[in-house]
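Derivation of every value follows stated rules applied to the coordinates shown; laboratory data play no part. These numbers come from a predicted model, not from an experiment. Here the Cβ is made from the backbone with ideal geometry for all residues, glycine too, and neighbour counts use every protein chain on show.
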């Protein structure tokens, strides 16, 4: 299998490349009867889009989504929902000089050795451009979850390079280019990014996410654990290198008497488990954190090889994010929503 799909009852499949004519997805298993508009999807795509500030790639795509099936008279029909987005601002010539070179830290080397061929234009299938359709599908999942369960998903930037950020007011995360609730620190982040961009280097980021009003009982032991499938979804996002659920790696240094979440009067006194016990949701907020590596495409020269095994010096030109993790906030939200909606549908199917 090529594994371009995920989910059991709600099956998401994406297709397309960074510099192809279109990217798109099919969302199969979506329940009928929900009103949806192109504008609602576009609102989420704008959050993910590049070119909105000087701190991201200056590629400026229109991201006009087309709903080509599965919706009639504004309502979902229960049939596969197909979404198409045209690529309108690809500059393939920017990548002609690396057509036979392997960029360290990128998919070039591994894709070449897996397939014997690669689309070097913007990374092809490995480009973050593919995540656009995840966000489009996530817009539908987020709306369905809120209307049917009251469940809401939100994510925010919790660390940019060496700068750690508090949660702040998450409702303000869309008011600044960094998706931070600590809006008072925006100037500090802008100065940091300006210096980074001038140096030609990049940094990583950490994104925290939370789902509230989660129904109890979601998740399937042993091989369909909710936390395992959330981790899989997060690790499928470009440049992600680590996932924590709840206390995560901090649980290593915690005593068992501290880590366990005591229950008094039907209420949990803490949430070190991140809202999931034994792979099944407890009804508490589900909390997770995702680490994103520094952007690999840099104009700083580095050593590598070409497809003939010859030593080369690689310099990547074109338009790239100095921190790709910043724009991951709506992507993390989308993936979390898609997984949770799939599990709600699976839970209903088995347990009514």
### Task
Please work out the Cα center distance from the range 185-247 to the range 153-182, rounded to the nearest Å.
12 Å
#### Entry: the range 221-265 - convex hull of the alpha-carbon atoms, volume per residue in Å³
111 Å³
## Note on the structure
Per GNM of the chain with C-alpha springs under 10 angstrom, the most fluctuating residue out of 290, 332, 38 is 38
### Message
If I take the Cα coordinates of the range 288-349 and project them onto the principal axes, what are the three extents in Å, biggest first?
### Response
57, 26, 19
### Summary
When 156, 144, 112 are ranked with the fewest other C-beta atoms within 10 Å first, the list becomes 112, 144, 156
### Query
Going by how many other beta carbons lie within 10 Å of each one, how would you line up 36, 41, 315, fewest first?
315, 36, 41
#### Entry: Fully extended contour minus Cα-Cα distance, from residue 194 to residue 147, at 0.36 nm per residue
12.8 nm
#### Entry: Spherically averaged projected area of the chain from its Cα convex hull (nm²)
19.2 nm²
### Query
Mind checking the log10 I(q)/I(0) for the range 117-156 at q = 0.17, 0.28 Å⁻¹? Debye, one equal scatterer per Cα, no solvent, two decimals.
-0.58, -0.91
### Query
In whole angstrom, how long is each semi-axis of the equivalent ellipsoid of the range 138-213, when you take the square root of 5 times every eigenvalue of its Cα gyration tensor and sort them from largest down?
29, 12, 10
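Return an integer: the convex hull volume of the alpha-carbon atoms of the range 248-292, in Å³ per residue.
For the range 248-292, the hull spanned by Cα atoms encloses 84 Å³ per residue.
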### Query
Relative to the longest principal Cα axis of the chain, at what angle does helix 131-149 sit, 0 to 90 degrees, rounded to 10?
10 degrees
### Task
For the range 1-39 and the range 291-349, write down the distance between their C-alpha centroids in whole Å.
19 Å
### Within the chain, helix-based [θ] at 222 nm, where runs of 4 or more DSSP H residues each add -39,500 (n - 2.57), nearest 500
-8000 deg cm²/dmol
